[in-house]
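Asks: This is the structure, below, for whatever I ask next.
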Amino acid sequence: MSLLKLTAALLNFQLTQAVRSGDLNEFQKVFEKHIDLFHKDKTYSLILRLSQNVIKAGLRSVATSYSQISFDDIRKKLGLNSNEEAEFVIAKAVSDGVIDARIDREAECMLSQRQADLYCSSEPQKQLHKRIAFSLSLHNDLLKAMQYPDKSATNKFAATDEMDQEEMLAALEAEMDEDDDM
C-alpha cells in the first residue's frame, strides 16, 4: 500500500472516530492539520459540513447520558464558543428531532426526556408473533397447493390415455384455437 493511501486511510479513520464520538475538538484538530489535503482533494466543503454531524452526535450522546445539564456544561463538552451557541444548537437539534429534550431558559439547562425501553414492553413479542403467523400461513398455503393439484388440469388430460394420437392432436389444436380467440 502506498504512503498516500495509508495516510488517506488514517485520516479517514481519525475523522470517522471524531464524528462518531461527537468530539468537536478532535475533529477540529484533524481538520486543521490536513486542511491543505482537503483543498487539494476538493473535499473541503464536504468535510466542513461534517462538523454539524459531529455536534449532533455529541449532543445526542449528552442527551442520553444526562437528564438535566446546563448550557455551560454542554458548551464545554461539545467545544462550542458560548452558552448562546449551545442553546441554539440544542434548539435546532430538538426541532430537527435529533434529540428528545426541552430547553429551560430560566435555569439555562437542557432537560432530556427519558426514553422508554422498547424491549421492556410487549411490542417485540407482538412483532415476532406477527412474523411467525405470516410464515406459518405461507407454509400452510404452500402445503395445500402441493397436496391438491388443480382439478381442471387433471380432467383435461385424464381422457388422453384413451385417445389415440389423432384424437389427441385434434384436441390440442382445438385448445390452441380457443386460446387464440381469447
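Each value in this text was obtained by applying a stated rule to the coordinates, not by laboratory testing. The model shown is predicted, which means the values in this text are computed figures rather than measured ones. For neighbour counting, all protein chains shown are included, and Cβ atoms are generated from backbone atoms with ideal geometry for every residue, glycine included.
Asks: Between GLU84 and ALA174, what is 0.36 nm times their sequence separation minus the Cα-Cα distance? Round to one decimal in nm.
Replies: 23.8 nm
Asks: While we're here: Between GLN52 and LYS144, how high is the FRET efficiency from 1/(1 + (r/R0)^6) when r is the Cβ-Cβ distance and R₀ = 45 Å? Nearest 0.05.
Replies: Efficiency at R0 = 45 Å is approximately 0.20.
Asks: I would also like to ask the following. Of the peptides 126-137, 100-111, how do they stack up when ordered by the mean number of other Cβ atoms within 10 Å, highest first?
Replies: Taking the mean over residues of other Cβ atoms within 10 Å, the ranking is 100-111, 126-137.
Asks: Something else about it: What size of dipole, in debye to the nearest 20, comes out for segment 1-142 about its Cα centre when the only charges are +1 on Lys and Arg C-beta atoms and -1 on Asp and Glu C-beta atoms?
Replies: 540
Asks: Taking the alpha-carbon distance from LYS144 and a cut-off under 22 Å, which lysines remain once sequence neighbours fewer than 8 residues away in the same chain are dropped?
Replies: Result set, ordered by chain and number: LYS130, LYS156.
Asks: Between SER21 and THR43, what is the spin-label point distance in nm, taking each point 7 Å from the Cα along the Cα→C-beta axis?
Replies: 2.0
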